[in-house]
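**Student:** Questions regarding the structure given below will be posed in turn.
The values are calculated or read from the model by the stated rules, or taken from the named source; none is laboratory data. In this text the structure is predicted, and so the values were computed from the model without any measurement. Heads up, the Cβs are rebuilt from the backbone with ideal geometry, glycines too, and the neighbour counts pull from every protein chain shown.
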Amino acid sequence: MAVWLFDAAAVVLVACAIAAIVQRNPLYTALLMGVVFAGLAIPFVLCQAELLAALQVIVYAGAIVVLFVIVITMLGSESREALEEQLSIRPAGTLCALVVGILLAALLAGPAVWVWGSQRAESWPTLLSRNTEAFSAALFTGRYIVPVEMASLILLAAMVAVVVMIVRPPPGSNEKTTTKQ
Amino acid sequence: MLVQILILAIKIVCVLLFVMGMVPVLIYIERKLIADFQQRLGPHRVGPWGVLQPIADGLKLFLKEDIMPANANKLVYVLAPIASMAPAIMMFAVIPFGEPVDVLGHRVGLWLADLNIGLLYVLALSSLGVYGIILGGWSSNSKYPLLGSMRSAAQMVSYELPLAVTLLGPLLLAGTLSMVGLVEWQMSNHWLVLMQPVAFVLFMLCAVAETNRAPFDLPEAESELVAGFHTEYSGFKFAMFFMAEYAAIVSICAVAVTVFLGGWSGPVLPPIMWFLIKLFALIFIFMWLRATFPRLRYDHFMQLAWLRLLPLALASVFLTALVLCLPVPESPALVAAANAGVIAAVLLFELLMRARRRLVQEKG
Amino acid sequence: MAAIPTSHYIMLSAALFAVGVLGVLIRRNAIVIFLAIELMLNAVNLAFVAMARHMGPVATKMGGATGLVDAMQGQVFVIFVLAVAGAEVAVGLAIIVALFRHKRTLDVDEVNLMKW
Amino acid sequence: MERVAWLIILAPLAGVLLNGLLGRRLGKRLVGVIACSAIFVAFIAAALCFRHLVQLDADERALHVPGFVWLPVGALQVSFGILLDPLSVVMALVVTGVGLLIHIYSIGYMAHDENYSRYFTWLNLFTASMLLLVLADSFLVLFVGWELVALCSYLLIGFWFERKSAAAAGNKAFMVNRVGDVGFLVGLLLIFATFGTFDYSGVFASAGAKLQVGGPIVTAITLLLFIGATGKSAQIPLYVWLPDAMEGPTPVSALIHAATMVTAGVYMVARCSILYAMAPVSMTVVAYVGAATALFAASIGLVQNDIKRVLAYSTISQIGYMFLACGVGAFAVGIFHLMTHAFFKALLFLCAGSVIHSLHDEMDIRRMGGLRSRMPVTYGTFVIGSLAISGIIPLAGFCSKDQILWHALADGNAAYWAVAALAAGMTAFYMFRLVFKTFWGESRVDRDLEPHVHESPSVMTLPLVGLAILSVIGGWVSFPLVARGDFFGHFLDPTFAPALAIIQGEVAAEHVGLAKELVMSLIALGIAASGIVLAYLAYVREPGVAAGFARGLPRLYRLVLDKYRVDETYARLFVQPGHAAAQGLWRGLDVSIIDGAVNGVAWIVGRMADGLRLLHTGYVRSYALAMAMGVVAILLYMLYS
C-alpha cells in the first residue's frame, strides 16, 4: 500500500518538476516547484523522517518559494514582459543538455536498480521510532555542534548581505529587506 | 479496519461542519460585539435578534455575479481563494477537541490525527497561508491588490518567526510536539500559560498579525488601499477569502488553547465544553482588539515584529532553557519568574530608550 | 507500514536531480534556473534521507549514542542543506533583484560581463 | 603553593596586558601604580614560596609545579611547568625585589616621557620573561624566557629609537645575543639528542647514567651553553653590546645589569651545575673566561669618562667574578655574588641615573663634580654602593667577593686569585674615581645647567635608600670566616649538592685552615683599600697625576680609552665581510635567480591565461553544461572501473 502511495507521489512529483521547468511564466514555475517541494514531504514521512517532512514544508514551501513568489510578483509589477522568457530553444544546446540530463538520470538511478533493487530496508528500531528525539539527540550532542554554529553564522552573514544589497538609497523599501530574512 | 475508516470519515465530516459552522456564528458574534462596543444595535432585522443575518449575507454573496477582471491571470485568480482556504481548514486535523471517548467498543480520540510533530504541522500550514493572499493580489493584476499582497507577504513572513519561536518555550517544557501530548502534559502538570506568560502574549499578538486582523490588518487597510488583496474579488471567491480569514482565526485560537490553555482540560464540565469555552474566550479577545485599537503605521508594524517581538520571544525561550538547565527541579513559579524577568527587562529597556530620546531632544 | 525499497527513493531522487539539471541547462530566466538548483538540492536531500533509512538501522545495531548519531547522519545533513539553501536563496534573490534593477532583464545570457 | 608560584609569572604579565592594551587611556599615575603593584604581587608570591621552601627539609627542597603540556609533538611532550627550588626562588626574589625598587624609581625618572605606558609595559614584560627564564622547569621554556629577555632588552635599549645611536645599540645588543644564542640552541638540541627530553628532572637525573665524566658530549654541551651565556651575560668575547646598552633609559640599564638580563647566563650555568661538574674542561674554560673578563673589563673601566659606561664595564667584570666562582665549582658563591651585586649595582646605576636626571642627561664625569652638597642622598648612597662593590668589610660586596677569592684560591690555582684580586683593586679605584670626579672637587657643570642641579624627588631617592640598606646588610646571610654563618650556602645546598659531590669526587680539595683564609681576606681588603687611596691621591690630592699618567703613556692610554679597539676589530673581522657577502647574495642570487624564477613563472601563467581566457564565453549555462558533463564523466568512471 505504502509502495503504491510512494510511486504515485513520485510520478506526480516528477511530472510537476518537468512541467515547472518548461513553463514560460516564472510564477507558474515557482508554484509548481512549491508543489514539488511540499510534495517531497510525502516520501520523507514514508521513511519515518517526520521532522524533516515538516521542516521541508516550512522552509521550502513556506519560506523559500514564498520568497521566489514575492520577488517574481515584485519584479513583475515593475515590468512584466522582462519577466517572461520566450523559449527560443537553441536546438544544439538543448539537445546536448537533454543528453546530459538523461545520461545523468540513467547513471544515478541505474545503480539503484541493481544494487538496492529488490532488498527492502527494514524500518527503524525502537530507538529511532521517535524521530524527533533521535534527531535532536544526534544534532545537538557533540559531533554536530560546530557545524550547527557554522550554519547559523552563514545565515547571519546572508541576512547582512541581503540587507546591504537591497536597501536603496531612499530607505523606503523596508519590507523587501525584512521579508528576505 | 472498515470501522476505523468509517469513524475517520465521520470525524472529518464533523470537523468540516464545525469549521464551516463557526464562520457564520463568528460573523454574527463579531458584528454584535462591535456594535455593543460602539453602542449601536448591530444587526437585528433578519430573524430574532438578527441571528439569521450571516445566512443572508452568505446567500447574497453566493448569488452575486462573480466578476473576473479583464486581464487577470485566470488560473491563479481562481486558485488563490482555495489556496488561502485550504491551510486554515487543514490545520484542524491535529487539533484535539476533547479526550478520547468510547464509541461502540472503539476508543476514539476526538481528533483527526495525533501526529508526533503536530506543532510543526501547524507551523507548516500557517506558513502556507501566505500563498493565497500573494496570489490573489498578484493575479488580479491591479495596483492596490498587489500592494496589499506585498504588504501581507512581508507581514506574514515577518510574524512567522516570532510565532514559531514563542512555541519553542512550551516545547522545551513539555518535551513533545504532539498536540495531544501537549494537552496531556498540561493536565498532569500546569497550564503552560502559567509558565510561559510572555510566550502566550506574544503568540496571541503574532496570531492577530498572521490572520491579518485589526489592528494589524494592513493588507486590507481600507483607508490606504481600498480592500487590499481582495479588492478585485467578489461573489463566491470573495466569500471564500472571507471564510478563510475566520477559519484561520478559529484554528489559530484552537492552537493557542491547545498549547497554552491546556486544551480540553478542566473541571466539572465535559472536556469538549471546556475546549469551546476557551476557544471563544480567545476569539472574543480578537474581536475586542479589533474594536479597541487603531491600525498601526506600516513601518512601526514591521519594527514591532523585528525589533520587539522577535527579541522578546528569543529572550523568553533563552530564559526558559536556562531555568531548565538549572539543577533545581523546574517549578512553574521559577519559569514564570524567568518570563516575568523578560517583561521587566523589556519595560526597563523601553523606559531607558524613552529617557534617552527625551534627553537627545532636549539637547536639540 | 511496509517499508519501501530504497531503490525507489534513489530513482525518484535521480529523476528530480536530472530534471533540475535540465532546468539549469535549457532555461535562460535567472529565477527559473535558481529554482531548478533548489530542485537539485531537494533531490539530494531525498537521497540523504533514503540512505539514512537504509543505513541507519544497521548503524544503530552497533548501539550506543554514537550508533544513534551514525543512524541520523543522513537526516542531519539535510538540516544543513536546508540552512545553507535558505541563506543561498536570500542572497541569490537579492542578487537577482539587484541585477534586474541594473539591467532590466533576468536573461542570464545578457549577463556576460565575465566574457573574455 | 602551586597557584602562588604561578602568580610570580602571571602578575607581571597581567601588568603587561593592562598597560599594553589600554595604557594610553589609563593615565601616567595609574600606569605606574599598575606596573609597580604587578611586580609587588610577584615579589610577595616569591617571598611566600621562599618561606615555604625554608620550612621544608633540605632533601625535599625542590617542588615541581606541573603546568600544562605545551607542545605535544609525537613522542616529545614539552610540558610547561614551574620548578621551585632554592636556586630559582632566590633568583625570583632578587628579580622581583630589585625589579620592584627599579620600577618605583622609574616612576620618577620617566615622569616627563610621553611614552610612559610603553616603557612600563616593556619593563613588566622584561621582568616577566626573566621570571619565566628563572622558574622554568625545562630547557625549552628557559629558552623561551631567554629569547624574550633578549627581545625586551632590544626594545628597551632602543626605547628612544628616535635617537639613531639608541636604535643602533638596540640592534647591536640583539644581534650579539643572537650569536650567543646560536651556540645555546645547538647546545639545547644536543641535550635533546642525548637525553630525549628537555625537562631538567629528566636531564639531570639521567646525566650520570648517560654521560661519563669529562666525556666529549657533556663537554660539547656545556661549552655550547656557555657560548650562549657569554652572549647573554656579556663575557669575552661577546661583551661588546653591554656598554652600548647604556643608550637606554638608566633604570633599564639598572634592570639589565642588576636583576634581569646579564645574570641569566650565570643562573643558567648554575642551573646546569651537574653538567658542568661533569666537564672539567668546560669548568676551566668558564673560570678562565670569567677571570679574564673581570680583569679586562676592569682595566677598561679605569679610564672611561662616561659615568654609565664605567658602571657597565664594572658590571662586566663583576659578572666575570661570578663565572669565575662557578668555574671553580663554587656555584652557591657565584649566585651569592649575583645577589649582592644585584643590590649594589642597581643602587649605583640608580644613583647615576639620579645624577644624570638632575644634570639633564649629562653623562660625562668631566663635566660634573661638587655635587656632594647638592644631592646628599644620592651622594651618600653612591658612596655606600662604591664601598660595597669594592668589597669593603662588612658590606655585601665584601662577603661575596671575599668568598669568591677564597674559593678561587682553594681551587688550587693562585693565578685566579691574583687576577681576581687585581681586578678587585681596579674596581675600587675606578669606582672611587667616579665618586671623587662626580661628587667632590669644584663643580665643572655647565653654567646654564648650574642653577637647575637639584636632589631627585623622593620617589627616586627612597629606592636608593632601600638598595643602600640592602647593599650593607644583604651580604650578612653568608658571612665569610664565620663558622656556621653561611645560611645562604646551606639553603642552596640541595641544588648544588650533586654537582659538588661529582667535583669532590675527582679533585680532592685540600683543606686549609681558618688562619690562612683570614690572612687572604685581609690582603684582599688591603688591595681594595689601596685602590681607594690611589683614587683619592690621583683625583683629589694631586689632580695632575692622572692627566700626567695619560700624557706619559699616550699609546696605552688611547688603547684602553678606545676599549682596546675591540669593536673596530669585530667590525673588520665579521661585520664588513658579512655585509659584503649579503650584498653579493642580493645582487647575484636574489635578484637574478630567485626573483627571475618568480617573475618567470608569473609571466608563463600570464601567457597561458591569455590563451585559456577564450574558453570563457560568458554564458553561465555553458559553464553549467561543462560542469554537468564533468559529473557524467566522473559517474562513468566510478561505475565502470
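**Student:** Which pairs do you get when a residue that is within 11 Å of chain A (Cβ to nearest Cβ), found in the stretch B:69-80, comes within reach of a residue that is outside any helix (DSSP H, G or I), reach meaning Cβ atoms under 7 angstrom, with the pair 6+ apart or on two chains?
**Tutor:** B:Asn71/B:Asn141; B:Asn73/B:Asn141
**Student:** Right, here's the next one. (1) part of a helix (DSSP H, G or I); (2) surrounded by fewer than 22 Cβ atoms within 10 Å (Cβ to Cβ); (3) in contact (Cβ under 8 Å) with a residue 24 or more places away in the chain; (4) among the small types (Gly, Ala, Ser): which one isn't true of D:Ser206, the others all being true?
**Tutor:** Of the numbered conditions (1) part of a helix (DSSP H, G or I); (2) surrounded by fewer than 22 Cβ atoms within 10 Å (Cβ to Cβ); (3) in contact (Cβ under 8 Å) with a residue 24 or more places away in the chain; (4) among the small types (Gly, Ala, Ser), the odd one out for D:Ser206 is (3).
**Student:** Further, regarding this structure: What's the number of the only condition in (1) over 24 Å from A:Val45 (Cβ atoms); (2) more than 7 Å from chain A (Cβ to nearest Cβ); (3) crowded, with 24+ Cβ neighbours inside 10 Å that C:Asn45 fails to meet?
**Tutor:** Only one criterion is unmet by C:Asn45, namely (1).
**Student:** On the basis of being over 17 Å from D:Lys401 (Cα atoms), touching a helix residue (DSSP H, G or I) at 6+ places or on another chain (Cβ under 7 Å) and in contact (Cβ under 8 Å) with a residue 40 or more places away in the chain, does D:Val333 make the cut?
**Tutor:** No, not satisfied.
**Student:** Name every residue in the stretch C:20-42 that is touching a residue at least 24 places away in the same chain (Cβ under 8 Å) and at the interface with chain A (Cβ under 7 Å from one of its Cβ atoms), in order of residue number.
**Tutor:** If the condition is that a residue be touching a residue at least 24 places away in the same chain (Cβ under 8 Å) and at the interface with chain A (Cβ under 7 Å from one of its Cβ atoms), then C:Arg28, C:Asn29, C:Ile31, C:Glu38, C:Asn42 are the ones that fit.
**Student:** Here's a check for you: in the stretch B:29-45, which residue that is out of contact with any Phe, Trp or Tyr (no Cβ under 9 Å at 6 or more places or on another chain) and part of a helix (DSSP H, G or I) is nearest to B:Ala86 (Cα to Cα)?
**Tutor:** Restricting to residues being out of contact with any Phe, Trp or Tyr (no Cβ under 9 Å at 6 or more places or on another chain) and part of a helix (DSSP H, G or I), the top hit is B:Arg31.
**Student:** Do the conditions hold for B:Met204, that is, is it within 19 Å of B:Ser251 (Cβ to Cβ) and either buried (at least 23 other Cβ atoms within 10 Å of the Cβ) or modelled with pLDDT of 80 or more (or both)?
**Tutor:** In short, yes.
**Student:** For B:Leu61, indicate whether it is more than 19 Å from the chain's Cα centre (by Cα), modelled with pLDDT under 80, assigned to a helix (DSSP H, G or I) and not aromatic (Phe, Trp, Tyr).
**Tutor:** Here the answer is yes, as B:Leu61 does meet what is asked.
**Student:** Here's a follow-up. Considering only the stretch D:231-240, I want to know if a residue exists there that is closer than 16 Å to D:Leu142 by Cα, in contact with an Asp or Glu (Cβ under 7 Å, 6 or more places away or on another chain) and either crowded, with 19+ Cβ neighbours inside 10 Å or in contact (Cβ under 8 Å) with a residue 24 or more places away in the chain (or both).
**Tutor:** Of the residues in the stretch D:231-240, the ones closer than 16 Å to D:Leu142 by Cα are D:231-233.
Checking which are in contact with an Asp or Glu (Cβ under 7 Å, 6 or more places away or on another chain) leaves us with D:231.
Narrowing further to those that are either crowded, with 19+ Cβ neighbours inside 10 Å or in contact (Cβ under 8 Å) with a residue 24 or more places away in the chain (or both): D:231.
The answer is yes, given that some residue of the stretch D:231-240 is closer than 16 Å to D:Leu142 by Cα, in contact with an Asp or Glu (Cβ under 7 Å, 6 or more places away or on another chain) and either crowded, with 19+ Cβ neighbours inside 10 Å or in contact (Cβ under 8 Å) with a residue 24 or more places away in the chain (or both).
**Student:** Shifting gears a bit: Within the stretch D:597-625, can you find the residues that are closer than 17 Å to C:Gly20 by Cβ and in contact with a helix residue (DSSP H, G or I) (Cβ under 9 Å, 6 or more places away or on another chain)? Don't jump to the end; show me each part of the working.
**Tutor:** Here is the first cut: in the stretch D:597-625, the residues closer than 17 Å to C:Gly20 by Cβ are D:620-621, D:623-625.
Within the stretch D:597-625, D:Val620, D:Arg621, D:Ala624, D:Leu625 qualify.
**Student:** Which of (1) outside any helix (DSSP H, G or I); (2) in contact (Cβ under 8 Å) with a residue 60 or more places away in the chain does D:Ala168 not meet, given it meets every other one?
**Tutor:** That leaves (1) as the condition not met.
**Student:** Being in a helix (DSSP H, G or I) and surrounded by fewer than 24 Cβ atoms within 10 Å (Cβ to Cβ) narrows it down to one of D:Gly425, D:Gly353, D:Gly385, so name that one.
**Tutor:** D:Gly425
**Student:** For the stretch B:105-156: of the residues being more than 12 Å from every other protein chain (Cβ to nearest Cβ) and without any contact (Cβ under 8 Å) to a residue 40 or more places away in the chain, which is farthest from the chain's Cα centre (by Cα)?
**Tutor:** B:Gly105
**Student:** Do you know which residues across the stretch B:40-65 are surrounded by 14 or more Cβ atoms within 10 Å (Cβ to Cβ) and touching a residue at least 60 places away in the same chain (Cβ under 8 Å)?
**Tutor:** Scanning the stretch B:40-65 gives B:Gly58, B:Leu61.
**Student:** Kindly indicate which of D:Arg607, D:Arg621, D:Arg565 is of a type in the set (Lys, Arg), assigned to a helix (DSSP H, G or I), more than 30 Å from A:Ile102 (Cα to Cα) and touching a Leu at 6+ places or on another chain (Cβ under 9 Å).
**Tutor:** From the options D:Arg607, D:Arg621, D:Arg565, the qualifying one is D:Arg565.
**Student:** Oh, and also: Among the residues of the stretch A:110-132, is there at least one that is over 18 Å from C:Ala83 (Cβ atoms), modelled with pLDDT of 75 or more and facing another protein chain (nearest Cβ under 8 Å)?
**Tutor:** There is no residue in the stretch A:110-132 that is over 18 Å from C:Ala83 (Cβ atoms), modelled with pLDDT of 75 or more and facing another protein chain (nearest Cβ under 8 Å).
**Student:** Let me ask another. I'm told D:Trp6 meets every condition in (1) in contact (Cβ under 8 Å) with a residue 40 or more places away in the chain; (2) in contact with a helix residue (DSSP H, G or I) (Cβ under 7 Å, 6 or more places away or on another chain) except one. Can you identify the failing condition by its number?
**Tutor:** (2)
**Student:** Considering only the stretch D:398-415, I want to know if a residue exists there that is under 20 Å from the mean Cα position of the chain (by Cα), under 20 Å from D:Gly99 (Cα atoms) and either polar (S, T, N, Q) or assigned to a loop (DSSP other than H, G, I, E, B) (or both).
**Tutor:** no
**Student:** Search the stretch A:138-152 for residues that are within 19 Å of A:Leu51 (Cα to Cα) and pair each with any residue that is not in a helix (DSSP H, G or I) when their beta-carbon atoms are under 8 Å apart and the residues are at least 6 apart or on different chains.
**Tutor:** Close Cβ pairs satisfying both conditions: A:Ala138/A:Tyr144.
**Student:** Right, another one. Return a yes/no flag: does the stretch A:154-177 have any residue that is modelled with pLDDT of 75 or more, facing another protein chain (nearest Cβ under 7 Å) and over 26 Å from C:Leu99 (Cβ atoms).
**Tutor:** no
Table: residues versus (1) surrounded by fewer than 24 Cβ atoms within 10 Å (Cβ to Cβ); (2) modelled with pLDDT of 90 or more; (3) of a type in the set (Gly, Ala, Ser).
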| residue | (1), (2), (3) |
| --- | --- |
| D:Glu2 | yes, no, no |
| D:Trp6 | yes, no, no |
| D:Asn19 | no, no, no |
| D:Leu22 | yes, no, no |
| D:Leu26 | yes, no, no |
| D:Arg29 | yes, no, no |
| D:Ser37 | yes, yes, yes |
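**Student:** I would also like to ask the following. From C:Arg53, C:Arg104, which residue is away from chain D (no Cβ under 14 Å), at positive phi and at pLDDT 75 or above?
**Tutor:** Just a single option satisfies the conditions, and that option is C:Arg104.
**Student:** What helices (runs of 4 or more DSSP H), lying completely within the stretch A:20-74, carry at least 3 residues that are within 11 Å of chain B (Cβ to nearest Cβ) and under 20 Å from C:Ile96 (Cα atoms)?
**Tutor:** Working: elements: A:26-39, A:41-46, A:50-55.
The helices (runs of 4 or more DSSP H) meeting that bar are A:26-39.
**Student:** Right, something else. Let me confirm something: among D:Thr340, D:Thr378, which residue is under 20 Å from the mean Cα position of the chain (by Cα), over 19 Å from D:Gly301 (Cα atoms) and assigned to a helix (DSSP H, G or I)?
**Tutor:** Residue meeting the stated conditions: D:Thr340.
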